[in-house]
Amino acid sequence: MITFDKTTKTYEGNVTAVKGVDFTVEKGEIVVLLGPSGCGKTTLLRMVNRLESISEGKITIDGQDSMSLNQTALRRKIGYVIQSNGLFPNMTIEENTMIVPDLLGWSKKEKKERFHKLMEMIGLSGEKFGKRYPHELSGGQQQRIGVIRALAADPPVMLMDEPFGALDPIIREKIQDEFLQIQKEVKKTILFVSHDIDEAIKMADKIVLLRGGELMQYDTPSEMLVRPKNEFVREFFGKDRAIKSLSLHTIEDLRDMIGLAEFDDAIADTKTINVNHDLRNTLSMLLNQEADQVIVSDDDGNKLGAITIDIVQQYLHYEIKAKPAPVLEGV
Amino acid sequence: MNKKKVISLVVRYSVYGLVALFFFWAIRNHYFDYIFTESSTFWHLIKQHLQLVLVSSVLALLIAIPGGILVTRKSFRRAEWVVSNTVNLGQTIPSLAVLALMISILGIGFKTAVFALFIYSLLPMYRNTVAGIDSIDENLIDAARGMGMKPVQILFRIELPNAAYSILAGVRTAIVLNIGTAALAYVVGGGGLGVWIFTGIQLFDNGYLISGAIPVTLLAIFVDYLLRLLERLIVPEGSKPPQEM
Amino acid sequence: MEKWMKFLEVNSSRIFDLTIEHAILVGLAILVALLIGVPLGIYLTTNDYLAETVLQIASVMLTIPSIALFGVMIPVFSIVNQGIGFVPAFVALVLYAQLPIIRNTYTAIRNVNPQMRDAAIGLGMKPIQRLFRVEIPNAFPVIMAGIRTAVVINIGIGVIAAYIGAGGLGVLITQGISRGDNYLIITGSVAVAILAMIADGILLWIQKRFTPKSIAN
Ligand SMILES: Nc1ncnc2c1ncn2[C@@H]1O[C@H](COP(=O)(O)OP(=O)(O)O)[C@@H](O)[C@H]1O
Ligand SMILES: [Mg+2]
């Protein structure tokens, strides 16, 4: 658990990069620091492992004031991943990955085992890649090595500064998925910087939205999408942001995950749409109130159920963030 | 075989041919004879030459590399500008002048020559140490700090290995330059193979000239080659530049 | 200091003459080195085998100690009765200037953005047009950097040329040594340093002045 308590950072020359930020990252959660360039995301992140000093306020980690901890020991318990992967060119992949365990004095055998386990996690062969050097790997591979390097000594906390920002979109999505999969297993407490809204929505349990060093809203992605606290938040996500993300999904996906509502034969004004329709179109149809009831049918014309705005919103809540299906309630 | 390769081979073997021709001509004119007729002097001069180079280079190494490391520490950053400019200015003074000016301070002899050579070797070593360390991606240092490496660990595990290529290139440049400059040690009474070169020039004796000049040249080329090999062994595989020419 | 001023006053015309002599020796050598090195560097970009060979030879050349090269020049050029003086010094300086000039020209032309080259081809430029309109202008700053290196090296090495009777500022230093006169040595050194700085400054100005604005950074 990481708690920010009126945390403030003023650089020399009076740039206040972070202003009195208050929030708590719960154990095992991914909190994404989101906001436009220069809003203080990196600064806030780097105050946690004390790469930046804290000007005012404090940061506590599991109840302990970070300033009271030994700096080196603190950093070794916090995994740190940066955009430019930071792999050391003079070390092999195995040496790079095992550097913190090495600093902590693990035995050769322990390191070897750990290395192979981590490589397995990201689906790369430890045998094949262990003796290679960073420049012999693709950008995506390097970034994944950067991630497992941070995980190597099994730190409870991870700090990730735009870790996938330099990758091309297809690879980025793949690595995001892979990372979420890993996170399900390792359950780290993660602070994740991003300036990409889609990435934030996908990765975050909660989002910290910053502007000019101030916290605008701290909420789950769906809350933030649905109930923005102020104009900035609304503007930032854009009016069609949530809808946009829905276009990636079909009614079929929603049906698999949440199920559909019962349809009511008594309602006369109904429209029927195919189950393969994407949710974005479906939602606009619902919002336009083209009919009192929208019935979903399969390719053979069998009625599968009805769809409502509520269900779409629920789906937004869970599916778009790759979370397990909720217990069905009142649907 | 294609035409380009042929041209390249022709050029290469023409140069070999010219060198061979030179040696043939020099031997036929007995220009190398002193090496054998005065072999004890010859070996004495070689030994002196090597001593000049070795002592001054080692001293320079011990000052320039730690100096370069020190100047790139965060707390000394401000000093870098001053040190670097002083050292750069030093380089514009001709080597001969550095030697000559030492006479008035240290008198004539071996020590004077060593000291001048030492001063003159500092720059390439220092400059390449600073450049090598400075060229390391800031993000690497940041990552290293972030994972809890201490400054000394960062220096020895990250900075020096990744700057090794540049540092060693500086050391090589300095030593090879030093072998050449040591041939001027004669003018301050420092001995070395320069003794024969200058004797040759002054007496118009091509024998002394060639018997001094060619061994110095071969020494420089050989040491350059040796140090390149050493670089290949020492520099970590991953931080070598992509291709070497 | 006062004595030194007096010394300068007495010897000013001689110092000036030697400086000019030095500049001419180095200037001519650089000019010839350019006429050889730049076209050669450009040609090397079309022949990788030759590039390797030539750069290797040039880099070995640069490791040859200056006094040794000057020394070897004497007997070689005495074959044509030019053993002492301008010619051997001039030839040695041309050789020393080759590596920086050839290497920088070669790398600079080779590193011209391939997309830019493609664009030029796409515009239907002939190879020679491409060379003069695209490649050389873009490679210019790096080529100039090579020339500057060569000039500074040569001005320094030119001092040694005094020992083989080629004149120049080295004369002040060698005389200073033989007479034990520090004024002469210091004056010679300072003059050499100033000459090097002025030459470098002028070349830097030319480099900036003629570098296309869009690629200057
Ligand atoms: N070392 C520094 N010194 C002075 N100002 C800085 C420093 N680092 C960042 N800043 C300033 O602090 C603000 C926040 O920067 P940063 O945390 O890097 O933003 P983000 O990561 O959100 O893009 C910016 O205005 C930036 O210019
Ligand atoms: Mg940032």
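Worth a mention:
- Computed FRET value (nearest 0.05) for A:S55 with B:L62, which takes r as the C-beta separation and R₀ as 35 Å: 0.25
- Anisotropy class assigned to the stretch B:107-245 is prolate, per the alpha carbon gyration tensor with a/c at or over the 1.5 cut-off and a/b larger than b/c.
- Angle between chain A longest axis and helix A:139-151 axis [Cα atoms, degrees, rounded to 10]: 70 degrees
- Computed about its Cα centre, the charge dipole of chain A is approximately 1860 debye, with only Lys, Arg, Asp and Glu carrying charge at their Cβ.
- Chain B gives an Rg/Rh value of 1.06, both radii derived from C-alpha positions and Rh following Kirkwood.
- Here the 3J(HN,Hα) profile of the stretch B:31-39, calculated from phi with Karplus coefficients 6.51, -1.76 and 1.60 at θ = phi - 60°, is 6, 9, 4, 4, 4, 9, 6, 10, 5 Hz, Gly and Pro shown as x.
- Using alpha-carbon coordinates, inclination of helix B:206-234 to the longest axis of chain B, degrees: 30 degrees
- Here chain A carries DSSP beta bridges of which approximately 50% are antiparallel, counting only pairs with both residues inside.
- Partners for A:K206 among lysines (Cα-Cα distance below 18 Å; same-chain residues under 8 apart left out): A:K27, A:K41, A:K184, A:K187, A:K188, A:K229, A:K321, A:K323
- Amide H to amide H, with H built 1.01 Å from N, A:A306 comes under 5 Å of A:A261, A:E262, A:F263, A:V296, counting only residues 5 or more places away or on other chains.
- Solvent exposure, largest accessible area first (probe 1.4 Å, DNA, RNA and ligands not counted), of A:S68, A:S84: A:S68, A:S84
- Among C:M61, C:M144, C:M116, residue whose mean-square fluctuation peaks in a GNM of chain C (springs only between Cα atoms under 10 Å): C:M116
- Against the criterion of solvent-accessible heavy-atom surface with a 1.4 angstrom probe, C:L203, B:L177 sort, most first, into B:L177, C:L203.
- When B:S57, C:S13 are compared by accessible surface with a 1.4 Å probe, the order from highest to lowest is C:S13, B:S57.
- Extreme residue, positive dipole direction of chain B, given options B:I63, B:G191, B:L230 (C-beta unit charges): B:L230
- Taken along its three principal axes, the alpha carbon spread of the protein assembly as shown comes to 123, 65, 56 Å, from the longest extent down to the shortest.
- With each label modelled as a point 7 angstrom along the Cα→C-beta vector, the B:K47-A:A73 pair spans 6.0 nm.
- Projected-area average for chain A over all orientations - Cα convex hull basis, square nanometres: 20.0 nm²
- Using the Cβ-Cβ distance between A:A291 and A:D253 with R0 = 35 Å, the FRET efficiency computed as 1/(1 + (r/R0)^6) comes to roughly 0.95.
- Charge-dipole axis of chain C as Lys and Arg at +1 and Asp and Glu at -1 on Cβ define it, positive-most pick from C:G170, C:F70, C:N138: C:N138
- A:Q181/C:N11 FRET efficiency (R0 56 Å; Cβ-Cβ; nearest 0.05): 0.10
- By a 1.4 Å probe calculation restricted to protein chains, A:H135 has an accessible surface near 120 Å², given to the nearest 10.
- Within the same chain, lysines fewer than 8 places from B:K3 are excluded, and of the rest, those with a Cα less than 29 Å from its Cα are C:K126.
- Dipole-positive endmost among A:Q293, A:N281, A:I307 within the protein assembly as shown (Cβ charges, Cα centre): A:N281
- DSSP assigns beta bridges within the protein assembly as shown; of those with both partners inside it, close to 50 percent run antiparallel.
- Measuring only protein heavy atoms, the 1.4 Å probe finds A:R149 accessible over about 10 Å².
- From phi via Karplus (6.51, -1.76, 1.60), per-residue ³J(HN,Hα) for the stretch A:175-180 in Hz, x at Gly/Pro: 5, 4, 4, 4, 5, 4
- Loop-resident GluC sites (Glu not before Pro) (DSSP state other than H, G, I, E or B) in the stretch A:1-30 with no more than 10 further Cβ atoms inside 10 Å of their Cβ: A:E12.
- Considered as an equivalent ellipsoid built on the Cα gyration tensor, the stretch C:14-208 has semi-axes of 37, 19, 12 Å, the largest given first.
- Note on A:Q64 and A:E235: their simple-model spin labels are 4.3 nm apart, each label 7 Å out from Cα toward Cβ.
- Alpha carbon convex hull of the stretch B:74-138, projected area averaged over orientations, nm²: 5.2 nm²
- Length gained when the stretch A:N302-A:H195 is fully extended (0.36 nm per residue, less Cα-Cα span): 34.1 nm
- Subtracting the Cα-Cα distance of A:S37 and A:N14 from 0.36 nm times their residue separation leaves 6.4 nm of extension gain.
- Accessible area of C:L8 (1.4 Å probe, protein heavy atoms only, ligands and nucleic acids ignored): about 60 Å².
- Each Lys and Arg contributes +1 and each Asp and Glu -1, all at the Cβ; summed about the Cα centre of chain C, the dipole is approximately 540 debye.
- Karplus 3J(HN,Hα) series, Hz, for the stretch A:12-17 with 6.51 cos²θ - 1.76 cosθ + 1.60 (x for Gly, Pro): 4, x, 6, 8, 8, 7
- Around the amide H of A:V208, modelled in the peptide plane, lie the amide H atoms of A:V32, A:L33, A:L34, all under 5 Å away and 5 or more residues distant in sequence or on another chain.
- Here the label points at C:D181 and A:K128, each 7 Å from Cα along the C-beta direction, are separated by 7.7 nm in the simple model.
- If the segment from A:E223 to A:D154 were pulled out straight at 0.36 nm per residue, it would be longer than the present Cα-Cα gap by 21.7 nm.
The values are calculated or read from the model by the stated rules, or taken from the named source; none is laboratory data. Keep in mind it's a predicted model, so treat the numbers as computed, not measured. Don't worry about glycine lacking a Cβ; one is built from the backbone with ideal geometry, like all the others, and counts go over all protein chains shown. These area figures cover heavy atoms from the full protein model, side chains too; ligands, DNA and RNA do not enter into them. Shrake-Rupley method; radii C 1.70, N 1.55, O 1.52, S 1.80 Å.
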